[in-house]
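> Let me give you the structure first, and then I'll get to my questions.
The values are calculated or read from the model by the stated rules, or taken from the named source; none is laboratory data. Please read these numbers as outputs of a predicted model, since none were measured by experiment. Don't worry about glycine lacking a Cβ; one is built from the backbone with ideal geometry, like all the others, and counts go over all protein chains shown. Heavy atoms of the whole protein, side chains included, go into the accessibility calculation; ligands, DNA and RNA do not. Shrake-Rupley method; radii C 1.70, N 1.55, O 1.52, S 1.80 Å.
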Amino acid sequence: DGRLTFFPGNQTVALPFINFMKRHGTVFLKAYTNSPICCPSRAAMWSGLFTHLTESWNNFKGLDPDYVTWMDLLQKHGYHTKKFGKIDYTSGHHSVSNRVEAWTRDVDFLLRQEGRPTVKLTGNKTHIRVMEKDWQNTDKAVNWIKKEAVNFTQPFVLYLGLNLPHPYPSPSTGENFGSSTFLTSPYWLKKVSYEAIKIPKWSSLSEMHPVDYYSSYTKNCTGEFTKEEVRNIRAFYYAMCAETDAMLGKIISALRDTRLLKRTIIIFTADHGELAMDHRQFYKMSMYEGSSHVPLLVMGPGIKQRQQISNVVSLVDIYPTMLDIARIPAQKNLSGYSLMPLLSEEAENEVPTSKTRPPWVLSEFHGCNVNSSTYMLRIDTWKYITYSDGNSVLPQLFDLSADPDELENIAMKFPVVVQSLDKILRSIVNYPKVSSSVQEYNKRQFISWKQSLGQNYSNVIANLRWHQDWLKEPKRYEDAIDKWL
């Protein structure tokens, strides 16, 4: 959640290396994902293109493996390149459940797809390496810096993808599990200030926006939660952020030890945030701030120090920024804009370029846990969220300056604002047409998958992650799928 990198969100947890980057570099106050789920978000970041252009509709469908990323271009121009950890921007990943849940989101049924969010404490007060795999990848990156990068005569670019902060698999939820367990150790939990944790306000179930209700239900969040449960989920999530921060610290320390720190630009960001029980939801897949607002910090030579930037930016800006840093001409068809004019110490003296950054950012979502294609336009103080064809589902409008927690949908109160923002959105993307394309894609994919299973179809679909609900009335749910098809 990007809000943890600046006041007041950062009062909840100690993030010393995020704070180090803020002191020695720049923090973006309004950075957003272009799609609040892993693979589509990363596809946008690696390609510099909006999701409706990459057609990365869900966690199973990303870029072609041979797509030319910004890292490929840097390598072509003489950079040493290295990737460690989670990459996840090409097609074919994630569970069968995950993709079937995305394809069937328009089916008229409600099924829990995730385990109920819960917390689990592991180890003791000295247990540091909870997410061992991330630590191993961090170790590899540190060793690469100390043993290889330090000796290079040409420049290098290193990518380290961490899985944290991310809920852990919950074995109770069935096929491939869901990830609904917030896991940490006492070592990290003590970095969290419990008294600073805000308990989010929730609308009653009957008052929720219909898409929110579907999301909360499929995420298994419509039951009763005590304040203590909610506070713990949030605290454990913040503790997982503290562990992530420590891994960032290892990279910064390795660069300092090798005297590369003053010659290296560091960018810290995320593919999406975590709701952590905001709006009666956990996980991502939402346009609310907890899910769509990402951290973005940059430090290094030529980058302004102690700077906070309030321009709206998004992950498609990473691609042209990397090319700008390397002085490689950018392609003309990119969705993003270089961040360097905002970051650079010389920025004030620069003549504006012809490609001026627009005052808005776009995010869209087409995957599981949400029963409609969703589009978000962020501009000025407004956040405009519209669904499907723009008519069949009520839109949402929030004034983030007056209502930062997004508790009051004022779309009905400000029809002229809605009309104006919708016009801007339609000038960027023909969203009713995109929604229709996704619906057709979902049917085609589902039919192909169903046919591949033959007579085994009924058994397989009944035992996906939603099996706890499905097995109560399997015929009813199969009939609902037939009706949809």
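> Please give every one of the aspartates and glutamates within straight-line cross-link reach of Lys332, meaning a C-alpha to C-alpha distance under 14 Å, and leave out same-chain neighbours fewer than 8 residues apart.
Asp317, Asp324
> While we're on this one: Can you give me the angle between helix 38-47 and the longest principal axis of the chain, using Cα atoms only, in degrees from 0 to 90, rounded to the nearest 10?
40 degrees
> Let me ask something else. For Gly178, which sequence-distant residues (separation of 5 or more, or a different chain) have an amide H within less than 5 Å of its own amide H, given hydrogens modelled in the peptide plane?
Distant-sequence amide H within range of Gly178: Gly115, Ser170, Thr173.
> With the cut-off at 32 Å, tell me which of the pairs Lys30/Lys146; Lys201/Lys413; Lys82/Lys383 have Cα atoms farther apart than that.
Cα-Cα > 32 Å for Lys30/Lys146; Lys82/Lys383; rest within.
> With a 1.4 Å probe and every protein chain kept in, tell me what percent of the accessible surface of the stretch 249-294 is carbon plus sulfur.
Looking at the stretch 249-294 in its full context, I get 45 percent from C and S.
> Give the long-range amide H neighbours of Leu49: residues separated by 5 or more places, or on another chain, with amide H under 5 Å away, using H modelled in the peptide plane at 1.01 Å from N.
Ser335
> Where nothing but the Cβ of Lys and Arg (+1) and of Asp and Glu (-1) is charged, how large is the charge dipole of the chain around its Cα centre, in debye to the nearest 20?
The dipole of the chain has a size of about 1260 debye.
> Straight distance only, please: which lysines reach the Cα of Lys443 with their own Cα at less than 19 Å, same-chain residues fewer than 8 apart left out?
Lys61, Lys433, Lys483
> On full extension of the chain, what length is gained from Ser204 through Leu407, given 0.36 nm per residue of separation minus the C-alpha to C-alpha distance?
That pair, Ser204 and Leu407, stretches by 71.9 nm at full extension.
> Compute the relative contact order of the stretch 50-157 as a whole-number percentage, counting only Cα pairs closer than 8 Å that sit 6 or more residues apart in sequence.
Over the stretch 50-157, the number comes to 36 percent.
> Under unit Cβ charges (Lys, Arg +1; Asp, Glu -1), what dipole magnitude, rounded to 20 debye, does the stretch 297-455 have relative to its Cα centre?
That gives the stretch 297-455 a dipole magnitude of about 660 debye.
> With +1 on each Lys and Arg Cβ and -1 on each Asp and Glu Cβ, how big is the dipole of the stretch 15-106 about its Cα centre, in debye rounded to the nearest 20?
Charge dipole, the stretch 15-106, about its Cα centre: 500 debye, nearest 20.
> Go ahead and estimate [θ] at 222 nm for the chain from helices alone: -39,500 (n - 2.57) per DSSP H run with n ≥ 4, summed, over the residue count, rounded to 500.
So the calculated ellipticity at 222 nm is -10500 deg cm²/dmol.
> Right, something else. Pull up all non-local amide H partners of His127: gap of 5 or more, or a different chain, and H-to-H distance under 5 Å with H placed in the peptide plane.
Tyr187
> Then there's this: In Å², what does the accessible area per residue of the chain work out to with a 1.4 Å probe? Display every interim value, and only then the final one.
Numbers: 21080 Å² over 485 residues.
Ligands and nucleic acids excluded, the figure is 43 Å² per residue.
> Say the dipole of the chain comes from +1 at the beta carbon of Lys and Arg and -1 at that of Asp and Glu; which of Val370, Pro36, Tyr89 then lies farthest toward its positive end?
Tyr89
> Also, I was wondering about something else. Among bridges DSSP assigns within the chain, what percent are antiparallel (round to 5)?
Counting only bridges with both partners in the chain, antiparallel ones make up about 65 percent.
> Roughly how many percent of the accessible protein surface of the stretch 155-215 is carbon and sulfur, given a 1.4 Å probe and a whole-percent answer?
That share works out to 58 percent.
> Would you work out what percent of the accessible area of the stretch 302-446, with all protein chains in place, is carbon or sulfur (probe 1.4 Å)?
Looking at the stretch 302-446 in its full context, I get 51 percent from C and S.
> Any idea what the relative contact order of the stretch 306-409 is, in percent, if you count C-alpha pairs under 8 Å spaced at least 6 apart?
Details: 127 pairs, mean separation 16.7, N = 104.
It rounds to 16 percent for the stretch 306-409.
> Further question: Go ahead and run the numbers for FRET between Asp66 and Asp257, Cβ-Cβ distance against an R0 of 41 Å, rounding to 0.05.
0.65
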